[in-house]
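Every read-out reported here was derived from the displayed coordinates using simple, explicitly stated rules and does not represent laboratory data. As the structure is a computational prediction, the values presented were derived from the model and not from experiment. Using ideal geometry, Cβ is built from the backbone for each residue, glycine included, and neighbour counts are taken over all protein chains shown.
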Amino acid sequence: MMRGNALNRLLALALLAGLVAVSGCGRKGPLEPPPGSVSPASSDAATKPAKEDRRIILDALI
């Protein structure tokens with residue numbers, strides 16, 4: 001009976017570690033407005049060209 005309990009703890013720990021690892025995924029930086037929207041407060045942001053995103057291995061999965 002002790003073996004099943006240890007297995008459950010190991011699986012729970014692996015699941016927790018996986019969730020922590022995945023929670024760090026995403027893009028860094030401020031939120032971007034939807035295309036075509038106009039923001040009156042950010043006039044100099046519209047004059048700068050947008051920086052192109054780098055491609056990563058996970059792009060193929062999306």
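Extension gain, Ala6 to Ala21: 0.36 nm times the residue separation minus the Cα-Cα distance gives 3.1 nm. Model label points for Asp53 and Leu31, set 7 angstrom from Cα along the Cα-to-Cβ axis, are 1.7 nm apart.
Residue exposure proxy: Leu7, Leu31, ordered by other Cβ atoms within 10 angstrom of their Cβ from fewest to most, comes out as Leu31, Leu7.
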